[in-house]
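Take a look at the structure below.
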Amino acid sequence: GSNFMQWEGAQKCTDILKTAGYNYTERLYEQHHAEHPDWAIYGSETSSVVQSRGIYHFPLEEAILCDDDEQCSALGNSSPAWAAKETLACIIPDRDADFCAGQFIWTGFDYIGEPTPYSTKNSYFGQIDTAGFEKDSFYIFKAEWTDYKKQPFIHIYPYWDFNEGQDIDIRVVSNAPFIRLFFNGVLIGEKALDHINGKSLILDVKRPYETGTLTAAAYDENGSEIARDEKCSFGDAYSLALAADKMTANADGEELFFISISAADKNGIPVSNAVSRVNIEVSGEGRLIGLDNGDSTDYEQYKTTSRRLFSGRLLAIIAATKNAGWIKVKATSPGLKGAELELMTIACTPQEGISANDSVSTYQPDFEKYGSEIPVRKIELTGGRKCFDKEHDTLKFKTVCKPENATYKSDITYRLTTVSGIDTNIAEITEQTSEGVTIKCKGDGEVYLRALCKNGKHKPSLISVIKLTAQGLGQASFDAYSTIAGGLFTKGEKVTTGIERGLSIMGGKGSYGAFENVDFGKFGSDKINLPIYMLRSTPVKFDIIDGIPGSGEVIGSFENTKESSWLRYNDEVELTLTKKLTGIHTISISSNDNFEIRSIRFTKPDKEFSQVNASLYSNIYGDSFTLGNDEITHIGNNVVIDYGEFDFGDRQPTKLMITGRSALDNNSIHFKFTNSDVALTLCEFAGCDDYTERAFDISGISGNGSVSFTFLPGTDFDLKAFRFE
């Protein structure tokens, strides 16, 4: 198995061994088979699409690697840079390569460790979670590896309970040749599935959420229905349900029962987003081994008697003793109708091992803290209008937590983001409470309002989202001196959102990401700060461009040599550009290499002690003057130039440096600093043919005040810049 099959070294080794395992390089199958027909080829490590069971981050077309809840979208739109972009991208190349022996997917089950892309507890790679519950991708593989004539099936995802009007991506998979999708009995999509040669093997339908029932039906080649699945809108959890993998076991002290615990509403419909805390009691000839819900962000003990449902499910593992008899399993949850299950163990001749009186110690949770908690399972966001314009640049939205008696319903926070969950620059929250939020929009585009609840955890465990739009307000700008997340790029080629919502530059000719409408203000900056992630030992080279590659100006060519640790950005590095940028610009980062940038931020100029070009005035008036690009020339009698406020704080300048020129022997200039007092200094600037910097002593300058220059009668002066020391 090799990560390096695209390079000559691994290919030479393979030519000796004649057997090659390809890690995440299915794209090479056809080429290498044509060049080396004597090689035995297989996929030694494939897939690595990351997903959390029952968690969905919309929309499907947006690649969302990271989110606030530290979960990965089970829609299939979450994958690390090296992985298949979606599950079918590793199934189809294997299917179509008759010479390929098959593949080992990474992985079948989730496992403790390697929690890519987060620093949580366990991996997200599996088709089955650590509790043994199937994720939606399990059914994609099942559809291609099973025969519909022997085992027909159809599967819909996601569950059906979101904000009214929210656009939901509905996906349907089946091993049948034809499928249909209905909503409340009305056909909303259908698809013929060619499992032998087809490239599109999932029915995708986008539909705004409304209360009702999704029904999917599978048909054979004669049009006869052979399988059906259903997803219904549901209410709050009302009761618990227990289901065992078997009802009897040998009383050998070792055999296990696996008990699936779920919740249903008053109508018996499964509550697929239930997170209720469940307490387990086992009596009789059995003992509780542990509990697991498959949640990578849940750090509670496995050896415990109480745990939350995750995406509506929890697993209890019960072991038999060496005494034959009945086992009673009892599940309770605050505010819900409990459930009981009786199991039986059968006498046998046990091997040496655990005796009847031995038990596995279990952690008793803090019932004063957890025993009566009722977590929030859903946040409903409502508002009459969802589009901003000039007449409606401020809108209000309400929040309702379900269930109403939830323990953590006051623990609601809000964010305004892009579609991929990055803080947006086009709107701001002006007021917020646990019951609602007021938003003011500053520019055109899409805004996603997020309501988040931690549910007693350190980070959000629940996200509710509605999409808002704005038009007629103009284009909002980026503040060059704030941190601009890499994932906020507005244009690009061969780029995507990377880890920590950064900018992932895929590399190759023409690869770039651009940030439009970056506002540098009057004083500008020539220094950019970048945190970089590169999983390679060789340097990456990149250009910073004022504009778009091909038409813009390269204002810096750089090389990064510091290799990063796994999924971690290096510390921010400051790079100096070839020119100072002022006003509004488009900034592009272009490279033929593959690496990631978490954010861009320009160093804010310290204008109080930096050079200020003459043209950066706030106001100018008087008898005569000529405005240039940076300078003001032919300044005559009684001209006043105001440069606005300067804040010197505790630092008191002692010198004023003026850069100018004049054919006259002497020019009289009054420098004025105005706050509660007025400091006035007469600067006599001697004539010179070329621009020259001259120093003048000043005093009484401190705190915040306005700076201005008055040119007295008899002057004819060209002012280029000034600065304080």
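The values are calculated or read from the model by the stated rules, or taken from the named source; none is laboratory data. Just so you know, these numbers come straight off a predicted model, no measurement behind them. Here the Cβ is made from the backbone with ideal geometry for all residues, glycine too, and neighbour counts use every protein chain on show. Please note that ligands, DNA and RNA were not included when accessible areas were found on the heavy atoms of the full protein model with its side chains. Shrake-Rupley method; radii C 1.70, N 1.55, O 1.52, S 1.80 Å.
Looking at (1) more than 22 Å from residue 551 (Cα to Cα); (2) surrounded by 20 or more Cβ atoms within 10 Å (Cβ to Cβ), can you tell me which one residue 438 breaks?
(2)
I'm trying to understand the selection: among the residues of region 1-19, which are touching a residue at least 12 places away in the same chain (Cβ under 8 Å) and either basic (Lys, Arg) or within 17 Å of residue 106 (Cβ to Cβ) (or both)?
Going through region 1-19, the residues touching a residue at least 12 places away in the same chain (Cβ under 8 Å) turn out to be 1-3, 5-6, 11, 14-15, 18-19.
Once the filter is applied, which keeps residues that are touching a residue at least 12 places away in the same chain (Cβ under 8 Å) and either basic (Lys, Arg) or within 17 Å of residue 106 (Cβ to Cβ) (or both), region 1-19 yields 1, 2, 3, 5, 18.
Having 1 or more residues that are touching a residue at least 40 places away in the same chain (Cβ under 8 Å) and closer than 14 Å to residue 602 by Cα is the bar; report the strands (runs of 3 or more DSSP E) wholly within region 456-548 that clear it.
It comes to 512-519, 525-530, 540-546.
Can you tell which of 622, 644, 660, 636 is touching a Leu at 6+ places or on another chain (Cβ under 7 Å), in contact (Cβ under 8 Å) with a residue 24 or more places away in the chain and not hydroxyl-bearing (Ser, Thr, Tyr)?
Residue meeting the stated conditions: 660.
Quick check, is residue 533 of a type in the set (Phe, Trp, Tyr), in contact with a Ser or Thr (Cβ under 8 Å, 6 or more places away or on another chain), open to solvent by 10 Å² or more (accessible area, probe 1.4 Å) and under 13 Å from residue 592 (Cβ atoms)?
On the way: of a type in the set (Phe, Trp, Tyr): yes; in contact with a Ser or Thr (Cβ under 8 Å, 6 or more places away or on another chain): yes; open to solvent by 10 Å² or more (accessible area, probe 1.4 Å): yes; under 13 Å from residue 592 (Cβ atoms): no.
Considered against the rule, which asks whether it is of a type in the set (Phe, Trp, Tyr), in contact with a Ser or Thr (Cβ under 8 Å, 6 or more places away or on another chain), open to solvent by 10 Å² or more (accessible area, probe 1.4 Å) and under 13 Å from residue 592 (Cβ atoms), residue 533 comes out as no.
Does residue 79 satisfy being at pLDDT 95 or above and assigned to a loop (DSSP other than H, G, I, E, B)?
No.
At least 2 residues that are touching an Asp or Glu at 6+ places or on another chain (Cβ under 7 Å) and exposed (fewer than 14 other Cβ atoms within 10 Å of the Cβ) in each: list the strands (runs of 3 or more DSSP E) lying fully within region 612-725 that qualify.
Details: elements: 619-621, 632-635, 639-647, 655-674, 678-697, 704-711, 717-724.
Strands (runs of 3 or more DSSP E) meeting the threshold: 655-674.
May I ask you to list the residues in region 235-262 that are more than 20 Å from residue 322 (Cβ to Cβ) and in contact with a Ser or Thr (Cβ under 7 Å, 6 or more places away or on another chain)?
Answer for region 235-262, where residues must be more than 20 Å from residue 322 (Cβ to Cβ) and in contact with a Ser or Thr (Cβ under 7 Å, 6 or more places away or on another chain): 237, 240, 241, 243.
If you check every pair at least six apart or on different chains, which have Cβ atoms under 7 Å apart with a residue in region 559-580 that is over 21 Å from residue 605 (Cα atoms) first and a residue that is in a loop (DSSP other than H, G, I, E, B) and charged (D, E, K, R) second?
Short answer, once both residue conditions are applied: 563/536; 569/598; 570/562.
Taking only region 549-561 into account, find how many residues are of a type in the set (S, T, N, Q) and either in contact with a Ser or Thr (Cβ under 6 Å, 6 or more places away or on another chain) or not in a strand (DSSP E or B) (or both).
Of the residues in region 549-561, the ones of a type in the set (S, T, N, Q) are 551, 557, 560-561.
Of the ones still in play, those that are also either in contact with a Ser or Thr (Cβ under 6 Å, 6 or more places away or on another chain) or not in a strand (DSSP E or B) (or both) are 551, 561.
Matching residues across region 549-561 total 2.
Could you please let me know if residue 201 is of a type in the set (A, V, I, L, M, F, W, C) and either assigned to a loop (DSSP other than H, G, I, E, B) or free of Cβ contacts under 8 Å to residues at least 12 places away in the same chain (or both)? Spell out how you get there, then give the answer.
Values: of a type in the set (A, V, I, L, M, F, W, C): yes; either assigned to a loop (DSSP other than H, G, I, E, B) or free of Cβ contacts under 8 Å to residues at least 12 places away in the same chain (or both): yes.
Taking the combined requirement at face value, the residue satisfies it.
Among the residues of region 586-597, write down those that are surrounded by fewer than 20 Cβ atoms within 10 Å (Cβ to Cβ) and part of a strand (DSSP E or B).
586, the sole residue that qualifies.
One line per residue, one yes/no per condition, for (1) touching a helix residue (DSSP H, G or I) at 6+ places or on another chain (Cβ under 9 Å); (2) under 22 Å from residue 77 (Cα atoms):
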{"site": "389", "(1), (2)": "no, no"}
{"site": "395", "(1), (2)": "no, no"}
{"site": "424", "(1), (2)": "yes, yes"}
{"site": "435", "(1), (2)": "no, no"}
{"site": "470", "(1), (2)": "no, no"}
{"site": "478", "(1), (2)": "yes, no"}
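Which of the strands (runs of 3 or more DSSP E) found entirely inside region 240-310 contain at least 2 residues meeting this: more than 32 Å from the chain's Cα centre (by Cα) and more than 18 Å from residue 373 (Cβ to Cβ)?
Strands (runs of 3 or more DSSP E) meeting the threshold: 248-250, 256-264, 277-284, 286-292.
This table checks each residue for (1) open to solvent by 30 Å² or more (accessible area, probe 1.4 Å); (2) of a type in the set (Phe, Trp, Tyr); (3) touching a His at 6+ places or on another chain (Cβ under 6 Å).
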{"position": "481", "(1), (2), (3)": "yes, yes, no"}
{"position": "500", "(1), (2), (3)": "yes, no, no"}
{"position": "506", "(1), (2), (3)": "yes, no, no"}
{"position": "524", "(1), (2), (3)": "no, no, no"}
{"position": "547", "(1), (2), (3)": "no, no, no"}
{"position": "566", "(1), (2), (3)": "yes, yes, no"}
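Give me the residue from region 91-141 that is among the basic types (Lys, Arg) and closer than 29 Å to residue 501 by Cβ and, out of that set, modelled with the highest pLDDT.
Here the residue is 135.
Open to solvent by 80 Å² or more (accessible area, probe 1.4 Å) and at pLDDT 90 or above - does that describe any residue in region 362-381?
Taking every residue of region 362-381 in turn, none turns out to be open to solvent by 80 Å² or more (accessible area, probe 1.4 Å) and at pLDDT 90 or above.
So if I check each of 305, 321, which one is more than 19 Å from residue 129 (Cβ to Cβ), crowded, with 23+ Cβ neighbours inside 10 Å and modelled with pLDDT under 95?
The conditions single out 321.
Return the only residue of 599, 591 being within 21 Å of the chain's Cα centre (by Cα) and either within 30 Å of residue 634 (Cα to Cα) or touching a residue at least 24 places away in the same chain (Cβ under 8 Å) (or both). Working first, answer last.
On the way: 591 fails: within 21 Å of the chain's Cα centre (by Cα).
Being within 21 Å of the chain's Cα centre (by Cα) and either within 30 Å of residue 634 (Cα to Cα) or touching a residue at least 24 places away in the same chain (Cβ under 8 Å) (or both) holds for just one of 599, 591, which is 599.
When only residues in region 164-195 that are in a loop (DSSP other than H, G, I, E, B), small (Gly, Ala, Ser) and without any contact (Cβ under 8 Å) to a residue 60 or more places away in the chain count, which is least open to solvent (accessible area, probe 1.4 Å)?
Per the stated criteria, the residue is 176.
If you check residue 22 against the conditions, is it of a type in the set (Phe, Trp, Tyr), assigned to a helix (DSSP H, G or I) and touching a helix residue (DSSP H, G or I) at 6+ places or on another chain (Cβ under 7 Å)?
It is false that residue 22 is of a type in the set (Phe, Trp, Tyr), assigned to a helix (DSSP H, G or I) and touching a helix residue (DSSP H, G or I) at 6+ places or on another chain (Cβ under 7 Å).
Among the residues of region 221-239 satisfying the criterion of being assigned to a strand (DSSP E or B) and touching a Phe, Trp or Tyr at 6+ places or on another chain (Cβ under 7 Å), which is surrounded by the most Cβ atoms within 10 Å (Cβ to Cβ)?
Among residues in region 221-239 that are assigned to a strand (DSSP E or B) and touching a Phe, Trp or Tyr at 6+ places or on another chain (Cβ under 7 Å), the one surrounded by the most Cβ atoms within 10 Å (Cβ to Cβ) is 231.
Condition check ((1) among the hydroxyl-bearing types (Ser, Thr, Tyr); (2) touching an Asp or Glu at 6+ places or on another chain (Cβ under 8 Å); (3) open to solvent by 40 Å² or more (accessible area, probe 1.4 Å)) across all residues:
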| site | (1), (2), (3) |
| --- | --- |
| 492 | no, no, no |
| 511 | yes, yes, no |
| 515 | no, no, no |
| 528 | no, yes, no |
| 539 | no, yes, yes |
| 543 | no, no, yes |
| 553 | no, yes, yes |
| 556 | no, yes, no |
| 562 | no, no, yes |
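Name the one entry in 268, 294, 284 that is open to solvent by less than 40 Å² (accessible area, probe 1.4 Å) and either in contact with a helix residue (DSSP H, G or I) (Cβ under 8 Å, 6 or more places away or on another chain) or not polar (S, T, N, Q) (or both).
Answer to the selection: 294.
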